[in-house]
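Scroll down for the structure; my scribbles are underneath it.
The values are calculated or read from the model by the stated rules, or taken from the named source; none is laboratory data. Nothing here was measured: the structure is a model prediction, and the numbers come from that model. Don't worry about glycine lacking a Cβ; one is built from the backbone with ideal geometry, like all the others, and counts go over all protein chains shown. We work out accessible area using only protein heavy atoms, side chains counted, and drop any ligands, DNA or RNA first. Shrake-Rupley method; radii C 1.70, N 1.55, O 1.52, S 1.80 Å.
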Amino acid sequence: DAGVTQSPTHLIKTRGQHVTLRCSPISGHKSVSWYQQVLGQGPQFIFQYYEKEERGRGNFPDRFSARQFPNYSSELNVNALLLGDSALYLCASSQAPGGGEQYFGPGTRLTVT
Amino acid sequence: QKEVEQNSGPLSVPEGAIASLNCTYSDRVSQSFFWYRQYSGKSPELIMSIYSNGDKEDGRFTAQLNKASQYVSLLIRDSQPSDSATYLCAVRYEGGGNKLTFGTGTQLKVEL
(Lines give C-alpha, C1' and ligand atoms only; values in the text may rest on other atoms or scores of the structure.)
Protein backbone atom coordinates (compact mmCIF):
# COMPACT_ATOMS: atom_id res chain seq x y z
CA ASP A 1 0.00 0.00 0.00
CA ALA A 2 1.20 3.51 -0.78
CA GLY A 3 2.07 5.62 2.21
CA VAL A 4 1.55 9.33 2.62
CA THR A 5 2.81 11.28 -0.37
CA GLN A 6 3.85 14.92 -0.47
CA SER A 7 4.89 17.27 -3.23
CA PRO A 8 7.14 18.91 -4.03
CA THR A 9 10.12 17.36 -2.25
CA HIS A 10 12.15 20.55 -2.18
CA LEU A 11 11.24 24.15 -2.85
CA ILE A 12 13.17 27.41 -2.88
CA LYS A 13 11.21 30.64 -2.62
CA THR A 14 11.97 34.31 -2.10
CA ARG A 15 10.71 36.40 0.81
CA GLY A 16 7.22 37.73 0.18
CA GLN A 17 6.25 34.97 -2.22
CA HIS A 18 3.46 32.44 -1.78
CA VAL A 19 3.80 28.64 -1.63
CA THR A 20 1.41 25.69 -1.91
CA LEU A 21 2.34 22.29 -0.54
CA ARG A 22 0.35 19.17 -1.30
CA CYS A 23 -0.36 15.93 0.54
CA SER A 24 -2.19 12.70 -0.21
CA PRO A 25 -3.04 10.52 2.80
CA ILE A 26 -2.87 6.76 3.10
CA SER A 27 -5.77 5.11 1.31
CA GLY A 28 -8.71 4.89 3.71
CA HIS A 29 -7.42 7.64 5.99
CA LYS A 30 -9.69 10.65 6.28
CA SER A 31 -7.70 12.92 8.56
CA VAL A 32 -4.69 14.99 7.55
CA SER A 33 -2.54 17.09 9.86
CA TRP A 34 0.25 19.50 8.95
CA TYR A 35 3.37 20.10 10.99
CA GLN A 36 6.38 22.38 10.66
CA GLN A 37 9.79 21.15 11.76
CA VAL A 38 12.73 23.51 12.00
CA LEU A 39 16.23 22.15 12.38
CA GLY A 40 16.94 20.78 15.85
CA GLN A 41 13.32 20.91 17.01
CA GLY A 42 10.40 18.53 17.11
CA PRO A 43 7.52 19.03 14.67
CA GLN A 44 5.05 21.81 15.55
CA PHE A 45 1.35 21.33 14.82
CA ILE A 46 -0.14 23.69 12.24
CA PHE A 47 -3.56 22.31 11.20
CA GLN A 48 -5.76 19.25 11.27
CA TYR A 49 -8.48 18.51 8.73
CA TYR A 50 -11.08 15.77 8.82
CA GLU A 51 -13.81 15.29 6.26
CA LYS A 52 -12.90 18.66 4.72
CA GLU A 53 -13.43 20.50 7.99
CA GLU A 54 -10.75 22.17 10.09
CA ARG A 55 -10.54 20.32 13.39
CA GLY A 56 -7.56 22.04 14.94
CA ARG A 57 -5.21 24.95 14.47
CA GLY A 58 -1.83 25.52 16.06
CA ASN A 59 -0.17 28.78 17.04
CA PHE A 60 0.70 29.99 13.54
CA PRO A 61 -0.12 33.33 11.89
CA ASP A 62 -2.97 33.82 9.44
CA ARG A 63 -0.46 33.66 6.60
CA PHE A 64 -0.83 29.91 6.98
CA SER A 65 -3.99 28.30 5.61
CA ALA A 66 -5.03 24.86 4.48
CA ARG A 67 -7.87 22.94 2.98
CA GLN A 68 -8.91 19.35 2.36
CA PHE A 69 -10.52 18.04 -0.79
CA PRO A 70 -13.28 15.43 -1.27
CA ASN A 71 -10.63 12.77 -1.99
CA TYR A 72 -9.04 13.64 1.42
CA SER A 73 -5.90 15.13 -0.10
CA SER A 74 -4.85 18.44 1.34
CA GLU A 75 -3.02 21.65 0.56
CA LEU A 76 -1.07 23.92 2.87
CA ASN A 77 -0.70 27.50 1.72
CA VAL A 78 1.72 30.04 3.12
CA ASN A 79 1.54 33.68 2.03
CA ALA A 80 4.09 36.48 2.37
CA LEU A 81 6.94 34.10 3.08
CA LEU A 82 9.48 35.04 5.72
CA LEU A 83 12.99 33.69 6.21
CA GLY A 84 11.75 32.00 9.38
CA ASP A 85 9.31 29.89 7.35
CA SER A 86 12.26 27.83 6.12
CA ALA A 87 11.60 24.36 7.50
CA LEU A 88 10.56 20.80 6.74
CA TYR A 89 6.78 20.69 6.28
CA LEU A 90 5.27 17.37 7.23
CA CYS A 91 1.88 15.93 6.47
CA ALA A 92 0.51 13.22 8.75
CA SER A 93 -2.32 10.86 7.92
CA SER A 94 -4.66 9.06 10.31
CA GLN A 95 -7.93 7.17 10.10
CA ALA A 96 -9.85 9.06 12.76
CA PRO A 97 -10.03 12.68 13.86
CA GLY A 98 -9.12 12.16 17.50
CA GLY A 99 -7.40 8.88 17.99
CA GLY A 100 -5.04 6.29 16.63
CA GLU A 101 -1.64 6.55 15.08
CA GLN A 102 -0.43 9.24 12.70
CA TYR A 103 1.90 8.41 9.85
CA PHE A 104 4.11 11.04 8.28
CA GLY A 105 4.89 11.62 4.65
CA PRO A 106 8.42 12.32 3.41
CA GLY A 107 7.99 16.06 3.88
CA THR A 108 8.62 19.14 1.78
CA ARG A 109 11.83 21.02 2.46
CA LEU A 110 11.09 24.74 2.01
CA THR A 111 13.93 27.22 1.82
CA VAL A 112 13.10 30.93 1.84
CA THR A 113 15.87 33.25 0.64
CA GLN B 1 1.61 25.49 28.09
CA LYS B 2 1.73 21.74 27.66
CA GLU B 3 5.30 20.57 27.23
CA VAL B 4 7.17 17.41 26.39
CA GLU B 5 10.77 17.20 27.51
CA GLN B 6 13.58 14.97 26.32
CA ASN B 7 17.32 14.97 26.87
CA SER B 8 18.82 16.06 23.54
CA GLY B 9 21.83 13.76 23.91
CA PRO B 10 23.71 12.44 22.15
CA LEU B 11 23.22 9.17 23.95
CA SER B 12 26.00 6.77 22.99
CA VAL B 13 25.68 3.03 23.55
CA PRO B 14 27.80 0.14 22.30
CA GLU B 15 26.39 -2.27 19.76
CA GLY B 16 24.35 -4.99 21.46
CA ALA B 17 23.58 -2.93 24.56
CA ILE B 18 20.20 -1.64 25.76
CA ALA B 19 19.44 1.98 24.91
CA SER B 20 17.07 3.77 27.28
CA LEU B 21 15.33 6.92 26.09
CA ASN B 22 13.24 9.02 28.43
CA CYS B 23 10.47 11.57 28.09
CA THR B 24 8.47 13.60 30.61
CA TYR B 25 5.31 15.56 29.95
CA SER B 26 3.71 18.40 31.81
CA ASP B 27 -0.02 17.74 31.84
CA ARG B 28 -1.91 14.91 33.49
CA VAL B 29 -4.77 15.20 31.01
CA SER B 30 -2.99 13.17 28.37
CA GLN B 31 -4.32 10.31 26.33
CA SER B 32 -1.79 8.78 24.03
CA PHE B 33 1.95 8.54 23.70
CA PHE B 34 4.08 7.85 20.69
CA TRP B 35 7.72 7.25 19.81
CA TYR B 36 8.97 8.24 16.39
CA ARG B 37 12.38 7.59 14.89
CA GLN B 38 13.87 10.19 12.57
CA TYR B 39 16.97 9.63 10.50
CA SER B 40 18.92 12.71 9.45
CA GLY B 41 17.21 14.44 6.54
CA LYS B 42 14.18 12.13 6.67
CA SER B 43 10.68 12.37 8.11
CA PRO B 44 9.60 10.82 11.44
CA GLU B 45 8.67 7.14 11.39
CA LEU B 46 6.26 5.74 13.98
CA ILE B 47 7.81 2.90 15.96
CA MET B 48 5.64 2.59 19.08
CA SER B 49 2.37 3.80 20.54
CA ILE B 50 1.21 3.31 24.12
CA TYR B 51 -2.10 4.26 25.67
CA SER B 52 -2.20 2.74 29.17
CA ASN B 53 0.14 2.36 32.11
CA GLY B 54 2.68 -0.42 31.93
CA ASP B 55 4.90 -1.92 29.29
CA LYS B 56 4.29 -2.60 25.62
CA GLU B 57 6.74 -4.70 23.66
CA ASP B 58 7.26 -4.91 19.91
CA GLY B 59 10.31 -6.82 18.79
CA ARG B 60 13.43 -5.15 20.18
CA PHE B 61 11.43 -2.13 21.36
CA THR B 62 9.63 -1.72 24.69
CA ALA B 63 7.64 1.37 25.61
CA GLN B 64 6.95 2.05 29.27
CA LEU B 65 4.28 4.45 30.55
CA ASN B 66 3.79 5.77 34.07
CA LYS B 67 1.01 8.35 34.08
CA ALA B 68 1.31 9.07 37.81
CA SER B 69 4.91 10.16 37.27
CA GLN B 70 4.14 11.68 33.85
CA TYR B 71 6.92 9.66 32.33
CA VAL B 72 7.24 7.56 29.20
CA SER B 73 10.33 5.69 28.06
CA LEU B 74 11.58 3.63 25.16
CA LEU B 75 13.98 0.73 25.55
CA ILE B 76 15.85 -0.63 22.56
CA ARG B 77 17.39 -4.04 23.16
CA ASP B 78 20.37 -5.40 21.21
CA SER B 79 21.07 -1.94 19.78
CA GLN B 80 22.37 -1.89 16.22
CA PRO B 81 24.25 0.83 14.31
CA SER B 82 21.10 1.18 12.16
CA ASP B 83 19.26 2.36 15.31
CA SER B 84 21.39 5.52 15.29
CA ALA B 85 18.84 8.28 14.79
CA THR B 86 16.89 10.93 16.67
CA TYR B 87 13.99 9.59 18.72
CA LEU B 88 11.01 11.87 19.15
CA CYS B 89 8.50 11.51 21.96
CA ALA B 90 4.99 12.78 21.18
CA VAL B 91 1.92 13.22 23.36
CA ARG B 92 -1.70 13.67 22.35
CA TYR B 93 -3.68 15.52 25.00
CA GLU B 94 -7.36 15.00 25.76
CA GLY B 95 -9.51 17.36 23.74
CA GLY B 96 -6.69 18.15 21.36
CA GLY B 97 -8.01 16.21 18.38
CA ASN B 98 -5.09 14.74 16.50
CA LYS B 99 -2.62 17.38 17.63
CA LEU B 100 0.65 15.85 18.73
CA THR B 101 3.00 17.76 21.00
CA PHE B 102 6.59 16.70 20.40
CA GLY B 103 9.75 16.87 22.43
CA THR B 104 12.93 18.09 20.79
CA GLY B 105 14.19 14.53 20.39
CA THR B 106 17.09 12.49 21.72
CA GLN B 107 19.96 11.67 19.40
CA LEU B 108 21.06 8.05 19.78
CA LYS B 109 24.44 6.83 18.55
CA VAL B 110 25.14 3.11 18.53
CA GLU B 111 28.86 2.52 18.32
CA LEU B 112 30.61 -0.53 16.90
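Numbers at a glance
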| quantity | calculated |
| --- | --- |
| Solvent-accessible area buried by A and B, counting both chains, probe 1.4 angstrom, square angstrom | 1500 Å² |
| Accessible heavy-atom area order of A:D62, B:D27, highest first, probe of 1.4 Å | A:D62, B:D27 |
| Cβ neighbours within 10 Å from other chains - mean over B:40-47 | 5 |
| Packing-based order for A:3-12, A:82-91, using average beta carbon neighbours within 10 Å, highest first | A:82-91, A:3-12 |
| Scattering curve values for the protein assembly as shown, log₁₀ I(q)/I(0), Debye with Cα scatterers, q = 0.09, 0.14 Å⁻¹ | -0.36, -0.87 |
| Dipole magnitude (debye, nearest 20) for chain A, charges at Cβ of Lys, Arg, Asp, Glu | 280 debye |
| Packing-based order for A:98-109, B:10-21, using average beta carbon neighbours within 10 Å, highest first | A:98-109, B:10-21 |
| Percent carbon-and-sulfur accessible area, region A:69-113, ignoring ligands, DNA and RNA, probe 1.4 Å | 58 percent |
| Proximal aspartates and glutamates relative to A:K52, as straight alpha-carbon distance under 15 Å, when same-chain residues fewer than 8 apart are discounted | A:E75 |
| Three-way shape label, region B:40-107, alpha-carbon gyration tensor, a/c 1.5 | oblate |
| Calculated from backbone phi, Karplus (6.51, -1.76, 1.60) coupling profile of region B:86-92 in Hz, x at Gly/Pro | 9, 10, 9, 9, 9, 10, 10 |
| Cβ neighbours within 10 Å from other chains - mean over A:36-48 | 4 |
| Kirkwood Rh and Cα Rg combined as Rg over Rh, evaluated for region A:8-59 | 1.00 |
| Length-normalised contact order for chain A - Cα pairs under 8 Å, 6+ apart - percent | 37 percent |
| Gaussian network model of chain A, Cα within-10 Å springs - most flexible of A:R22, A:R63, A:R55 | A:R63 |
| Spatially proximal aspartates and glutamates relative to B:K67 (Cα-Cα < 13 Å; intrachain offsets below 8 disregarded) | B:D27, B:D55 |
| Integer Hz, Karplus 6.51/-1.76/1.60 couplings in order for region B:55-70, x for Gly and Pro | 10, 9, 10, 8, x, 7, 9, 10, 9, 10, 10, 10, 5, 5, 8, 6 |
| DSSP-loop GluC sites (Glu not before Pro) across region B:41-112, with at most 11 other Cβ within 10 angstrom | B:E94 |
| Overall Cα dimensions of chain A - principal axes, largest extent first, Å | 38, 27, 26 |
| Chain B - percent relative contact order, Cα under 8 Å, separation 6 or more | 38 percent |
